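Below you will find the structure I want to go over with you.
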Amino acid sequence: MTPTFRLLAKRRFLPLFVTQFLGAFNDNLFRTAMIMLVIYKIYNDPAREAAFSAVAGGLFILPFFLFSAMAGQLADSHDKARIIRIVKTAEIAIMVVGAGGLILQNVPMMLIALLSMGAHSTFFGPIKYAILPQHLEDDQVLPGTGLVEAGTYIAILAGTITGGIIASEHAAVGVLLVAALGWFAGRQVPAAPPMTTDARVDFHVIRSSIRLVSDTMHVRRLFLAILAISFFWAQGTILAAQFPPLVKNVLGAKQDVATMFLGIFSVGVAIGSIAINRILKGAVSARCSPVAALVMGAFVCDLWWTSHHWPDPQGALRGLSEFMAMPNAERVLFDLLGVAIAGGIFVVPLYAFLTTTVAKAQTARTVAANNIVNSGAMVTATLLLAGLVHLGVSVAETLLMVAVGSLGASLLAWRLHKACD
């Protein structure tokens with residue numbers, strides 16, 4: 001078995017890893033810089049700011065609904081490395097528009113770039129997992145998947161922090177530079193020719209999406225894996241949405257504490273994504289996922305309990321040092337780290353499962369179907385959260401919904417383990 005980090009020294013993996021890392025970094029650098037610019041400099045109206053955030057989130061997710069099926073078909077029927085080069089070339093053009101929007105403070109230009117980056121991620125998404133079984137040995141797919149997942153979360157963290165602290169003009173230069181580096185890295189990915197002679201692609205977005213999900217989900221093992229992953233993303237969506245109000249309104253702390261929460265969560269998922277390969281010794285198996293989901297739920301419950309009994313915020317918001325001086329502050333951070341590590345252990349084997357239990361000619365389509373269902377779960381979770389908040393459910397109490405979701409994720413992962421391992 002090749003140790004996990006040794007894969008980073010191999011040409012058949014490193015360029016893909018770097019390309020994915022830079023793409024995730026650039027997504028979040030641009031998105032965060034755009035949001036900071038719009039909220040703090042362009043708009044000065046809470047209603048307009050809330051509407052902008054909703055529109056921006058919807059625009060980024062929309063391409064996953066519309067084009068995931070097409071992206072999966074193209075990746076399975078064409079050279080994946082060639083598609084990567086086309087997508088990364090498109091990213092440079094997209095970021096020219098995005099950089100122009102940041103410099104000119106033009107909201108429509110920035111939203112067009114955001115929508116286009118969503119499409120960019122849609123077409124790259126199936127490839128980053130589907131190419132691994134083609135380039136790696138069987139016992140390297142799990143560690144490779146873990147590295148991709150870990151790198152993605154670290155890139156999200158780095159891009160978010162960078163976008164939040166640098167000026168919009170500097171961010172405009174940064175997104176162009178990172179796009180150029182991603183283009184260069186993408187050109188180093190070795191060829192990954194199609195494993196099928198059927199090059200037909202259905203460009204009807206609705207028909208092809210319905211057919212792709214139907215053809216994938218009727219296979220029981222894929223149905224269980226995709227639903228379990230969707231539970232994970234629904235839970236993650238709620239947690240990410242609740243971090244800022246939890247920190248501000250429940251824990252009475254400033255933005256730097258919310259940033260620390262994001263950092264701990266990202267690092268925790270990265271740790272879990274790497275650790276699972278050591279635990280499973282390179283074998284693709286769902287046997288650890290049921291327990292990991294329950295552990296994740298237990299940490300969320302403890303986070304709820306601590307938040308529920310946290311002293312009511314009084315006076316000015318606390319900075320990082322003041323927050324850390326509070327009783328149970330370390331407990332909150334430990335819970336957060338535990339949730340993230342368990343989440344990484346839970347989800348990485350399931351992604352590896354998707355790409356190793358189907359024919360190599362079908363891997364990208366399978367990942368694309370997963371992306372469609374995941375997007376639906378994230379939107380559903382967001383709407384459910386908005387409805388609960390509207391009904392007066394507190395931020396701390398919404399954490400219990402995430403804990404309950406862990407039971408469903410654990411059950412699905414257990415059924416997958418019993419059916420396939």
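Take I154 and decide whether it is closer than 23 Å to K88 by Cβ, open to solvent by 40 Å² or more (accessible area, probe 1.4 Å) and modelled with pLDDT of 85 or more.
Against the criterion (closer than 23 Å to K88 by Cβ, open to solvent by 40 Å² or more (accessible area, probe 1.4 Å) and modelled with pLDDT of 85 or more), I154 qualifies.
Report every pair of residues separated by at least 6 positions or lying on different chains whose Cβ atoms are under 7 Å apart, first residue within the range 85-105 and under 25 Å from I127 (Cβ atoms), second open to solvent by 50 Å² or more (accessible area, probe 1.4 Å) and not in a helix (DSSP H, G or I).
R85/R187
Can you confirm whether the range 328-340 contains a residue that is out of contact with any Ser or Thr (no Cβ under 6 Å at 6 or more places or on another chain) and under 16 Å from I229 (Cα atoms)?
Within the range 328-340 (the criterion being out of contact with any Ser or Thr (no Cβ under 6 Å at 6 or more places or on another chain) and under 16 Å from I229 (Cα atoms)), the answer is yes, since at least one residue qualifies.
Which residue is modelled with the highest pLDDT, if the candidates are limited to the range 281-320 and must be aromatic (F, W, Y) and either under 21 Å from L407 (Cα atoms) or open to solvent by 80 Å² or more (accessible area, probe 1.4 Å) (or both)?
Taking the candidates together, the pick is F299.
Results for (1) surrounded by 21 or more Cβ atoms within 10 Å (Cβ to Cβ); (2) in contact with a helix residue (DSSP H, G or I) (Cβ under 7 Å, 6 or more places away or on another chain); (3) over 18 Å from P15 (Cα atoms), shown as yes or no for each residue.
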site	(1), (2), (3)
F65	no, yes, yes
Q73	yes, yes, yes
D76	yes, yes, yes
I84	yes, yes, no
E91	yes, yes, no
G100	no, yes, yes
M110	yes, yes, yes
L115	no, yes, yes
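A further question on this structure: When only residues in the range 376-421 that are modelled with pLDDT under 85, of a type in the set (S, T, Y) and part of a helix (DSSP H, G or I) count, which is surrounded by the most Cβ atoms within 10 Å (Cβ to Cβ)?
The selected residue is T398.
Does I341 satisfy being at pLDDT below 90, assigned to a helix (DSSP H, G or I) and open to solvent by 10 Å² or more (accessible area, probe 1.4 Å)?
no
Can you find, within the range 357-397, the residue that is nearest to F123 (Cα to Cα) among those that are free of Cβ contacts under 8 Å to residues at least 24 places away in the same chain and among the β-branched types (V, I, T)?
V389
If A171 meets every condition in (1) part of a helix (DSSP H, G or I); (2) open to solvent by less than 30 Å² (accessible area, probe 1.4 Å); (3) more than 30 Å from R287 (Cβ to Cβ); (4) modelled with pLDDT under 90 apart from one, which number is that one?
Unmet for A171, out of (1) part of a helix (DSSP H, G or I); (2) open to solvent by less than 30 Å² (accessible area, probe 1.4 Å); (3) more than 30 Å from R287 (Cβ to Cβ); (4) modelled with pLDDT under 90: (4).
Yes or no: the range 193-215 includes at least one residue that is modelled with pLDDT of 75 or more, aliphatic (A, V, I, L, M) and in contact with an Asp or Glu (Cβ under 8 Å, 6 or more places away or on another chain).
Yes, there is a match, as at least one residue in the range 193-215 is modelled with pLDDT of 75 or more, aliphatic (A, V, I, L, M) and in contact with an Asp or Glu (Cβ under 8 Å, 6 or more places away or on another chain).
Here is a check on your reading of the model: is K128 assigned to a helix (DSSP H, G or I) and within 26 Å of A283 (Cβ to Cβ)? It would help to see each step written out before you state the result.
On the way: assigned to a helix (DSSP H, G or I): yes; within 26 Å of A283 (Cβ to Cβ): yes.
Yes: the conditions hold for K128.
Would you check if there is a residue in the range 261-273 being within 23 Å of L354 (Cβ to Cβ), buried (at least 23 other Cβ atoms within 10 Å of the Cβ) and not small (G, A, S)?
yes
The values are calculated or read from the model by the stated rules, or taken from the named source; none is laboratory data. This structure is a prediction, so every number in the text was calculated from the model and none was measured. Heads up, the Cβs are rebuilt from the backbone with ideal geometry, glycines too, and the neighbour counts pull from every protein chain shown. Accessible surface areas use protein heavy atoms only, side chains included; no ligands, DNA or RNA. Shrake-Rupley method; radii C 1.70, N 1.55, O 1.52, S 1.80 Å.
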